[in-house]
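Asker: I have a structure I would like to understand better, so I am pasting it below and will then ask my questions one at a time.
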Amino acid sequence: MPRTAIVIGAGLAGLLAAAALFPAYDEVLVLDRDELPDGPEHRRGLPQGRHAHLLMPGGLEAMEALLPPAAIRERLLSAGAHEISLGAGMVVLSTEGWFHRWRKDGQLMITCSRALLDWVVREALLATANNIRFLKGQALELIGDAQKISGIRIDTGSGPTDLDADFVVDASGRGSRIVKWLATLGITGIEERTVDSGLVNATRIYRTPPPAENFPLTMVQANPYQSLPGRSAVIVPIEDSRWMVSLAGTRGGEPPASPDGFLQYTLDLPHPIVGQLISGAEPLTDVVVSRSTSNARRYLEKARQWPDRLVVLGDALATFNPAYGQGMSVAALGAQVLGREARRNALHVPGAARTIQRAAARSVEAAWTLAVSQDVLYPEVRGGAPTLVDHLAARYTRRLTKAATGSYAAASALWTVTGLKAGPTHLLRPASLLHAITGPSLPALSAPPLTPRERQIMSALDRTSGGANPTPRPV
């Protein structure tokens, strides 16, 4: 009898879960409420899809491991995505000052629109596997019992239908009903936690000015250590010669939706570099605002009982403040765990699903620690208050960040953790501790670390009252 796996959700987590499962099953059915677009277009089921996304090094490595013949990196770059060196390709104002830029490339991340990323991964998946089928419909509940799942009940618009399955992955996103579904099977007491800093994202797309095609990714980070609302901005290069400019502000510091307010917000940050750059760029869209940004976690790995043949991945397991750029990579790492067990033909072994769920939680824990330890420090945060451990961690993080502004070795240690190639304990290794103690080896920068050419470009683009003329200047 043919063996079938069902994945609930056709977002990135669902696509990568399908990539993990297709070698082990005769058919993989991917269910989603949305009609999937034929190209790199936004869809309703991804509320954060219009804002900046960063594919961190750890997430990219996991994707490449899941679909090695598909050459995900090459496909993304061919479609217009950008590869950014964490060492040389960014201009970043951190809480402790400007980061130096290094001739060494360091680790690499990918930037593009979320719509392009999902489309490229879906096309790569379909080019690699001929046993994957997409179905439009709504998952209603799980079929089975507390010991084993045997399928799902769906509605495709013509009434409920039962689908048998040998394995089920819930990758349905932030709005997953997994806790309710488990309760109907008799599995209750699932611990859940939400930490909400009230973050609001506002994004506008600009045409990249021709002289700035290779301008570095530019970021002014939020500061959680001042007892003030966090405010940040980033210019991310994306496909089709565009800049995606995303602002983020916690409760009390939310970015506005008006074009004039959007620009003013960037100019009022600790440094106006983002506003100076976009003041001379052509806007292509209105400002898009999103408020679905809280950190939320379901501790499914701690359930007293877990049914065989069911795994929960991606935002259905945990969501993070998007300012930290970790959600996609965590989804990829979880799918990689699933793929390793699938290659071992171990998915049907009793207890295998629980083992996978616990392993997936480890990458969630690393990202959760990084995000929540910062968000709890903002004023009026809901769902948690900073503990003594949080304050001690903040002091250490500040010292190490200060060192990283002027030390390649310290910066590399930070990138390894924020890029999800290692957990937070990596920062407690003797070398990292020594960096935190000794501090930066280079003097602090008083201005953005731009090359002469980049300074010329910024000056030409600056239309602000404190900067350039209102008329363009040749570069």
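Asker: What list do you get for 128, 250 if you sort them by fewest beta carbons within 10 Å?
Answerer: Least to most surrounded, the residues fall as 128, 250.
Asker: What shape does the stretch 135-276 take by its C-alpha gyration tensor, where a ≥ b ≥ c are the square roots of the eigenvalues and a/c under 1.5 counts as rounded, a/b above b/c as prolate, and the rest as oblate?
Answerer: In terms of gyration-tensor shape, prolate.
Asker: How many angstrom lie between the Cα centre of the stretch 405-469 and the Cα centre of the stretch 254-294?
Answerer: 23
Asker: When the Cα centres of the stretch 40-65 and the stretch 87-147 are compared, how far apart do they sit, in Å?
Answerer: When both Cα centres are located, 3 Å separates them.
Asker: Among rounded, prolate and oblate, which fits the stretch 277-383 when a ≥ b ≥ c are the square roots of the eigenvalues of its C-alpha gyration tensor, a/c under 1.5 means rounded, and a/b larger than b/c means prolate?
Answerer: Prolate is the answer for the stretch 277-383, as a/c is 1.5 or above and a/b outweighs b/c.
Asker: Considering only DSSP states other than H, G, I, E and B, which trypsin sites (Lys or Arg not before Pro) in the stretch 228-294 qualify as loop sites with at most 16 other Cβ atoms within 10 Å?
Answerer: Qualifying residues, ordered by number: 291.
Asker: Give a quick list of trypsin sites (Lys or Arg not before Pro) in the stretch 336-398 that DSSP marks as loop, anything other than H, G, I, E or B, with at most 15 other Cβ atoms within 10 Å.
Answerer: 344
Asker: I've got another one for you. For a quick check: sort 118, 164 by the number of other beta carbons within 10 angstrom, fewest at the front.
Answerer: 164, 118
Asker: Shifting gears a bit: Looking at the square roots a ≥ b ≥ c of the eigenvalues of the Cα gyration tensor of the stretch 359-439, which shape do they give, rounded for a/c under 1.5, prolate if a/b is larger than b/c, or oblate?
Answerer: oblate
Asker: Which label marks the calculated value of Cα Rg over 2.2 N^0.38 Å, given the options (1) 0.99; (2) 1.76; (3) 1.15?
Answerer: (1)
Asker: Along the charge dipole of the chain, pointing to its positive end and built from +1/-1 on Cβ of Lys, Arg, Asp and Glu, which listed residue (244, 158, 144) has its Cα farthest out?
Answerer: Farthest towards the positive end: 244.
Asker: Would you calculate a helix-derived [θ] at 222 nm for the chain, using -39,500 (n - 2.57) for each DSSP H run of n ≥ 4 and dividing by the full residue count, to the nearest 500?
Answerer: Computed ellipticity for the chain at 222 nm equals -10000 deg cm²/dmol.
Asker: Could you tally the net charge around residue 409, taking each other residue with its Cβ under 13 Å from the Cβ of residue 409, Lys/Arg +1 and Asp/Glu -1?
Answerer: Residues near residue 409 contribute +2 overall.
Asker: So between residue 286 and residue 162, what do we pick up on full extension, going 0.36 nm a residue minus the alpha carbon distance?
Answerer: 40.3 nm
Asker: Under unit Cβ charges (Lys, Arg +1; Asp, Glu -1), what dipole magnitude, rounded to 20 debye, does the chain have relative to its Cα centre?
Answerer: Its charge dipole is roughly 1100 debye.
Asker: Quick one: order 271, 42 by neighbouring beta-carbon count within 10 Å, fewest to most.
Answerer: Taking fewest neighbouring Cβ atoms as first place, the list is 42, 271.
Asker: If you find the alpha carbon centre of the stretch 347-383 and of the stretch 184-237, how far apart are they in angstrom?
Answerer: 19
Asker: Let me ask you something else. Can you tell me the orientation of helix 352-375 relative to the chain, as the angle in degrees between its alpha-carbon axis and the longest Cα principal axis, to the nearest 10?
Answerer: 20
Asker: Report the gain in length on full extension from residue 188 to residue 355: 0.36 nm times residue separation, minus Cα-Cα distance, nm rounded to one decimal.
Answerer: 58.2 nm
Asker: Same structure again: Would you tally the net charge around residue 171, using a Cβ to Cβ cut-off of less than 10 Å, leaving residue 171 out, and scoring K and R as +1, D and E as -1?
Answerer: -3
The numbers here are math on the coordinates, done by the rules we state, and not lab data. What you are looking at is a predicted structure, and each value in this text was computed from that prediction instead of being measured. Ideal geometry is used to build each Cβ from the backbone, glycine not excepted, and the neighbour counts take in all protein chains shown.
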